[in-house]
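The values are calculated or read from the model by the stated rules, or taken from the named source; none is laboratory data. Only a predicted model underlies this, so the values are computations on that prediction, with no experimental measurement involved. Heads up, the Cβs are rebuilt from the backbone with ideal geometry, glycines too, and the neighbour counts pull from every protein chain shown.
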Ligand SMILES: C[S@@+](CC[C@H](N)C(=O)[O-])C[C@H]1O[C@@H](n2cnc3c(N)ncnc32)[C@H](O)[C@@H]1O
């Protein structure tokens, strides 16, 4: 990768704005706001992709079938979540369950997608040894009316992975996560039983996030660090994953962050974006202390290709449409890029 630099003053100014942008929030809010609803890492497709990226790195190709089922689980629970949140009187837990049990294609005015009907068939017959997570989502207890999905359904794959990995042995892989928030994704790496196979380091520029992360996981390497100024050695991590960082950086900082990723990662990086598009240039939008960009997939790809061996671009909506017939994914700007580097 070509060397990328930002002028010292420009970098210092951007870093202090970024720090202030995240530090203005209350610690409790930071601890919870990115791990609920569609962001809940148990059902968020991109969080599942990051976990499966690591699982596949540890046990190549061994869990492909289970990972595919977890993607299906994600779209089904996201559909139910969205349907319930409409608060439409004709669409409630019981009416969705009845429609599925009757094999109907609609529930009130809502179309029941074929992937949900298919998953209901699969799980309610127990033909694949999968838990009946759709019925659980529709009949399980919820603590109050603003909690849309019961924990027993949300945790269905957490329990599966935990029991599948419980007796496994494997060499640990080193992993860096810049912008780790309050251990938002690490929580599930831990509860799913993946964390013990990782030598994990999480970085965040915001002290409050790192305090939250350390409170949960006192012995894990969580550091207050600006990734734009990271002093990590070249190729010091086998794997890296990151969620939702680039949208908040200036154009120069995007390039700098990409150059650090290429420099510090030895094997593969899994980069997730929530606002990306297949356009030639970034749309850089400054909003107060930070940015709220539409990131160009083409530009990111081009920058990384200077040092990467290959890049798989996954447009989440297209991936779900092509593999599961799911055409209602909530975010058309969601992309995950799997970047492979030459290891020698
Ligand atoms: C949108 S949040 C995403 C948090 C988490 N990755 C997730 O997806 O739930 C962006 C995170 O990146 C952190 N961040 C922003 N700029 C950073 C930088 N230069 N170095 C390290 N962390 C940074 C913020 O403090 C915040 O926790």
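Residues checked against (1) surrounded by fewer than 17 Cβ atoms within 10 Å (Cβ to Cβ); (2) in contact with a helix residue (DSSP H, G or I) (Cβ under 8 Å, 6 or more places away or on another chain); (3) closer than 22 Å to residue 14 by Cα:
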position: 202; (1), (2), (3): no, yes, yes
position: 205; (1), (2), (3): no, yes, yes
position: 215; (1), (2), (3): yes, no, no
position: 221; (1), (2), (3): yes, no, no
position: 234; (1), (2), (3): yes, yes, no
position: 240; (1), (2), (3): no, yes, no
position: 247; (1), (2), (3): no, no, yes
position: 258; (1), (2), (3): no, yes, yes
position: 300; (1), (2), (3): no, yes, yes
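Which members of the range 37-57 meet the condition of being within 14 Å of the ligand (Cβ to nearest atom) and not in a loop (DSSP other than H, G, I, E, B)? 37, 38, 39, 45, 46, 47, 48, 49, 50, 51 - these are the residues of the range 37-57 that are within 14 Å of the ligand (Cβ to nearest atom) and not in a loop (DSSP other than H, G, I, E, B).
Count of the range 178-197 residues, restricted to those that are more than 15 Å from the ligand (Cβ to nearest atom), within 14 Å of residue 220 (Cβ to Cβ) and outside any helix (DSSP H, G or I), is 1. Going by the structure shown, is residue 246 touching a residue at least 60 places away in the same chain (Cβ under 8 Å), under 22 Å from residue 49 (Cβ atoms) and more than 9 Å from the ligand (Cβ to nearest atom)? No: the conditions fail for residue 246.
Would you check if there is a residue in the range 58-75 being surrounded by 14 or more Cβ atoms within 10 Å (Cβ to Cβ), within 16 Å of the ligand (Cβ to nearest atom) and not in a helix (DSSP H, G or I)? There is no residue in the range 58-75 that is surrounded by 14 or more Cβ atoms within 10 Å (Cβ to Cβ), within 16 Å of the ligand (Cβ to nearest atom) and not in a helix (DSSP H, G or I). Scanning the range 260-298 for residues that are more than 17 Å from residue 334 (Cα to Cα), buried (at least 21 other Cβ atoms within 10 Å of the Cβ) and in contact with a strand residue (DSSP E or B) (Cβ under 6 Å, 6 or more places away or on another chain) yields a count of 3.
Note on the range 14-31: among residues that are surrounded by fewer than 19 Cβ atoms within 10 Å (Cβ to Cβ), in a helix (DSSP H, G or I) and in contact (Cβ under 8 Å) with a residue 24 or more places away in the chain, the one that is nearest to the ligand (Cβ to nearest atom) is 15. Going by the structure shown, is residue 256 in the same structural domain as residue 302 (by TED's automatic domain parsing), within 12 Å of the ligand (Cβ to nearest atom), under 19 Å from residue 290 (Cβ atoms) and part of a helix (DSSP H, G or I)? So residue 256 fits the description; yes. Scanning the range 313-326 for residues that are in contact (Cβ under 8 Å) with a residue 60 or more places away in the chain and either surrounded by fewer than 17 Cβ atoms within 10 Å (Cβ to Cβ) or under 18 Å from the mean Cα position of the chain (by Cα) (or both) yields a count of 5.
Quickly run through the range 85-104 and pick out the residues that are part of a helix (DSSP H, G or I), out of contact with any helix residue (DSSP H, G or I) (no Cβ under 7 Å at 6 or more places or on another chain) and surrounded by 14 or more Cβ atoms within 10 Å (Cβ to Cβ). Hits for the range 85-104 are 95, 99. The conditions are (1) touching a residue at least 24 places away in the same chain (Cβ under 8 Å); (2) surrounded by fewer than 20 Cβ atoms within 10 Å (Cβ to Cβ); (3) out of contact with any strand residue (DSSP E or B) (no Cβ under 8 Å at 6 or more places or on another chain), and residue 80 fails exactly one of them. Which is it? Of everything listed in (1) touching a residue at least 24 places away in the same chain (Cβ under 8 Å); (2) surrounded by fewer than 20 Cβ atoms within 10 Å (Cβ to Cβ); (3) out of contact with any strand residue (DSSP E or B) (no Cβ under 8 Å at 6 or more places or on another chain), residue 80 misses just condition (2). Within the range 41-57, the only residue that satisfies the criterion of being surrounded by fewer than 19 Cβ atoms within 10 Å (Cβ to Cβ) and either in contact (Cβ under 8 Å) with a residue 40 or more places away in the chain or in the same structural domain as residue 209 (by TED's automatic domain parsing) (or both) is 57.
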